[in-house]
Structures are given as structure tokens and as C-alpha cells.
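Enquirer: Attaching a single structure in C-alpha cells format; questions to follow.
The values are calculated or read from the model by the stated rules, or taken from the named source; none is laboratory data. Every value quoted in this text rests on a predicted model; they were computed, and no experiment measured them. All Cβ positions, even for glycine, are placed from backbone atoms using ideal geometry, and neighbour counts span all protein chains on display. Side chains are part of the model used for accessible areas, which takes the heavy atoms of the whole protein and leaves out ligands, DNA and RNA. Shrake-Rupley method; radii C 1.70, N 1.55, O 1.52, S 1.80 Å.
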Amino acid sequence: MTTPRLAAIRQQLLAHPVYDAIETLPQLRLLMREHVFAVWDFMSLLKRMQQLVTGTTTPWLPNRDSASARFILEIVLGEEADEDGHGGYLSHFEMYREAMIDVGADTRPIDAFLSHLQKGLNWQDAIEYVDILPSTRSFVRHTMTVVVDGAPHEIAAAFFYGREDIIPDMFQRLVPLLEPQGVSVERMLHYLRRHIEVDGDSHGPLAKRLLARLCEGSPHAEQEANSAAIAALQARVKLWDGIYARITQ
């Protein structure tokens, strides 16, 4: 389903100058302060996919597509309760936040955002009350709009092309930036390497199969999915643009 335009925007994302711009510890901390919001909204994409293809209500009813349910539940298991590298289990979001603490990145914006949500504030208002870059705020708005309003095949396209397919290649670019920083990066390296391994070997292929099943061979659905995938990658480029602009000021 990959079109030339989709391939081009994917390549643009992988060639983004932000990867080469991270040279100091404050720059890495800034990247992590903003990127953690992409880690959070990924989980919202994931849980929406779970709602769409598995039984999450009571009284329970059988799944219409048990193969799709199996695909997404395998991904949920890995993302929400993965091995943490210390004999326990954590979500990938929690791993990332622990890594932020290790390198001294500012967790106050993401913590405040989650606190607003826990108190019942809707995400649209909560994202306005935290001190983050406008490009990060726009990225979250894009993701959550797909989560709330997207058709199942559009959500699956954003999930696969915008996350599971591209993340291993993106994170490969970030790993060499960490070790020279002079602080503990063990947690962050574990997070990145775990994503490279799991997304590349397992979650990516599963998400691709799930997208194909949801499109059901419909050219119209495939076209809509392609548009959703392009939009997701463009949103990530703008997220990186905002971080790069702040880093190079």
C-alpha cells in the first residue's frame, strides 16, 4: 500500500536534521521533555485499536475477528507490561519517564498533563495548560483527533506507518547520541533498544497485518489509510521541526 508520496515523507522524517543537532545534555533533555508526549499519545492510539478489535465491554460478546484481536493483544502486552530490564514489568511510557529522570529531563509538563486527566479534565483543555512547544501540542492534537474521529483503517494506518513501522529506524538514529552525554542513560538505551527489537521483529509486522485486514482489500479504504499514514508522518516531521528550531536557536 506504500505510495511514492508516503515513501518520500518517510524518508524526509528519517533524514531530519534534529538527529544530528542533539550534541549536548540540555538538548537531549529538551528532546525528551517534548517527545514524551508522543510516547503518551501512542498509548492512546494503541488502546483505541484494542477497543475497536477486541471485546472490552460487559456483558462480553465474541470478537468478530479473532485474528485481529490476537494481533492487537500481543502488541498491548508488549507496550503496556513489557520486561523492564530489572526483573519486573512496566509500560513503555513508564520506562521512558524513568529514563527522563535518569538524564535530568523535565517531567513536570507530562506529569501536570496526566494530573489534569486524572482529575477529569478533557485532553483538549489539559494540553493547553502545560508548558510545551506549540509543535508538540499540535502533534498531540493530531493524534488524538485520529483516535477520536478516525475510521478503524485510518487509525490502524496512523498506528502502523506513523509509529510501529518508522520508530525502529528513527530510534536507531538516536542511540548514538546517548552514550557520550556523561549521565546514566541505561534506562533510555533499554527503552530505545527494546522498541527497535520488538517493533521491528514483532509489533511492526503484526500492525501491518492488522491494517490489511481492516482495509479488507477495498481500494477506497486503502486510499483513506494512505492519506492517514501521510498525515501521521507529516505531523511527526512538524514535531521534529519544532524541537530542532528550539535546539538551534
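Enquirer: Does any residue in the range 200-212 that is under 14 Å from Ser68 (Cβ atoms) and open to solvent by 40 Å² or more (accessible area, probe 1.4 Å) come within less than 9 Å, Cβ to Cβ, of a residue that is modelled with pLDDT of 75 or more and not in a helix (DSSP H, G or I) six or more places away or on a different chain, and which pairs are these?
Expert: Lys208/Asp165
Enquirer: Another question, then. Whether any residue in the range 101-115 is under 25 Å from Glu222 (Cβ atoms) and at pLDDT 85 or above is what I want to check. Working first, answer last.
Expert: As a first pass, look at the range 101-115 and keep what is under 25 Å from Glu222 (Cβ atoms): none.
Scanning the range 101-115 turns up no residue that is under 25 Å from Glu222 (Cβ atoms) and at pLDDT 85 or above.
Enquirer: Out of all the residues in the range 119-145, which are among the small types (Gly, Ala, Ser) and open to solvent by less than 30 Å² (accessible area, probe 1.4 Å)?
Expert: Residues satisfying the conditions are Ala126, Ser135.
Enquirer: Which number in (1) within 20 Å of Ile247 (Cα to Cα); (2) assigned to a helix (DSSP H, G or I) marks the one condition that His16 misses?
Expert: If we test His16 against (1) within 20 Å of Ile247 (Cα to Cα); (2) assigned to a helix (DSSP H, G or I), just (2) comes out false.
Enquirer: Restricting to the range 67-93, name every residue that is at pLDDT below 85 and either open to solvent by 90 Å² or more (accessible area, probe 1.4 Å) or polar (S, T, N, Q) (or both).
Expert: Ser68, Glu83, His86
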